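Just so you know, all these numbers are worked out from the coordinates, no wet-lab data involved. These numbers were taken from a predicted model, which means no experiment stands behind them. Backbone-built Cβ (ideal geometry, glycine too); neighbour counts: all protein chains shown.
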Amino acid sequence: MEKTIAVLPGDGIGPEVTEAAVKVLQSIAMRYGHTFHLKHALIGGSAVDAHNSPLPEETVAACEASDAILLGAVGGVKWDNHPAHLRPEKGLLNIRKHFDLFANIRPVKAVPALLGSSPLKEEVAKDVDMVIVRELTGGLYFAEPKRRSEKSAVDTLVYTRREIERIVDQAFEIARGRRGKVTSVDKANVLETSKLWREVVEERKAAYPDVEVEHMLVDSAAMKLITDPRRFDVVVTENMFGDILSDEASVITGSLGMLPSASVRTDGFGLYEPVHGSAPDIAGQNKANPSAAILSVAMMLRHSFGMHSEASAIEEAVMGVLEDGYCTGDLTTAGKRTVSTETFVTKVIEEVEREFVSE
Ligand code: NAD
Ligand code: IPM
Ligand code: MN
């Protein structure tokens, strides 16, 4: 197959983990006979510096001319005091909105080789396998008015019935292909948007009689994610709750550096990016865990291109390297060898080749 991918490395560790993911992508291309045309473009702080915009028109054009988008991370202290429209994060929000990528899919799966790296007890973290489905283009992040004055600040929380329906339907569909359980997380004891959310879930569930549904308040969900994470299969929630709960859930796996994500709409087009940010504290040190970015490429191959064996090959290669005892510094535990980002990627590529030869 021949595909065009827009590659947006961004800031901080974004370029390091993106380069790693692209190397793995190229090894898959070579092994499976695909051609991936890569269009590199700027986003975030690096784009602000070069073009005075966190999402330049050239970048949007490169993405429009592509079959999928691979993104690293944006942000950094250098741009923290910029006005809202010149912040790196605005580039990310705008690209999600521009392409209507309303469904952010964030799988959280315990890795057997990393159980010792999780701050949770092994018996709590083991066998966890859930997907957080986060609404991505609505809610507090986008609704107007949004403004600041000397004496006060306003953010607005709005959800339309249609916005809720489409993300809830997406969660039901995903649950159907898994263990058939949806946990809808809201704050319906306080928020009007959450009351509507709960109503919509109740309405839509009639179309999915094979799926079990439960409602959970977000504060209690934050607790249960840590005390009893195995009870979750598919978690569906609004934009900001999903942002917070997914970083929290990442600790089950041992590190935020393990979580990939797909931001999609219904036609298969998507943006693939790690859940983590630009990690300024470790940027430029060849220390970042590239797993989240590499696993995001696997999600791209499976979801946007239908390349199932190729996606599994990447996932198995990452797991294989971790099982062999190699990991980056964020995961260090007794008995493991801490390696650099580059060495970790080399090992993943060797593993892809080894799997291919043994097939
Ligand atoms: P962060 O996710 O960048 O980092 C949180 C902690 O996790 C840090 O200690 C970091 O070193 C560690 N970490 C994150 N990813 C890692 C990896 N792959 N390997 C090893 N360690 C990793 O969150 P933050 O520090 O709160 O934010 C930093 C910047 O990133 C901010 O400007 C923020 O706006 C931005 N951000 C961007 C995205 C994105 O682009 N999708 C997501 C979150 C935060
Ligand atoms: C994420 C990030 C972004 C978000 C920020 C950087 C805008 O935290 O992708 O999880 O909050 O959506
Ligand atoms: Mn986040």
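What residue among VAL154, VAL264, VAL182 has the largest mean-square fluctuation in a Gaussian network model of the chain, using Cα springs under 10 Å? Evaluated over the chain, the most mobile residue of the options is VAL154. Show me the helices of the chain, taken as full DSSP H stretches, that run 15 Å or more along their long axis by Cα and average -1.0 or above in Kyte-Doolittle hydropathy. Helices meeting the span and hydropathy rule in the chain are 14-32, 161-176, 239-253, 291-303, 308-323, 341-358.
Exposure proxy ranking for ILE282, ILE226, based on other Cβ atoms within 10 angstrom of each Cβ and starting from the fewest, stands as ILE226, ILE282. Residues ARG162, ARG265 in ascending order of nearby Cβ atoms (within 10 Å, fewest first): ARG162, ARG265.
Residue exposure proxy: ILE13, ILE95, ILE314, ordered by other Cβ atoms within 10 angstrom of their Cβ from fewest to most, comes out as ILE95, ILE314, ILE13.
For the chain, set up a GNM with springs between Cα atoms under 10 Å and report which of THR35, THR341, THR137 has the largest fluctuation. In this elastic network of the chain, the residue with the biggest mean-square fluctuation among THR35, THR341, THR137 is THR35.
Model label sites at GLU173 and ASP210, defined 7 Å from Cα along the beta-carbon direction, differ in position by 1.5 nm. In the distance distribution for the chain, Cα-Cα pairs more than 39 Å apart total 12 percent. The GNM of the chain, with springs linking C-alpha atoms under 10 angstrom apart, assigns the highest mean-square fluctuation among ASN81, ASN94, ASN104 to ASN81. Checking the cross-link pairs LYS90/LYS126; LYS23/LYS109; LYS23/LYS181; LYS146/LYS187; LYS146/LYS224; LYS78/LYS109 against a 29 Å limit on the alpha carbon distance flags LYS90/LYS126; LYS23/LYS181; LYS146/LYS224; LYS78/LYS109 as lying beyond it. Over the residues of the chain, the helix contribution to mean residue ellipticity at 222 nm works out to -13000 deg cm²/dmol, using -39500 (n - 2.57) for each DSSP H run of at least 4.
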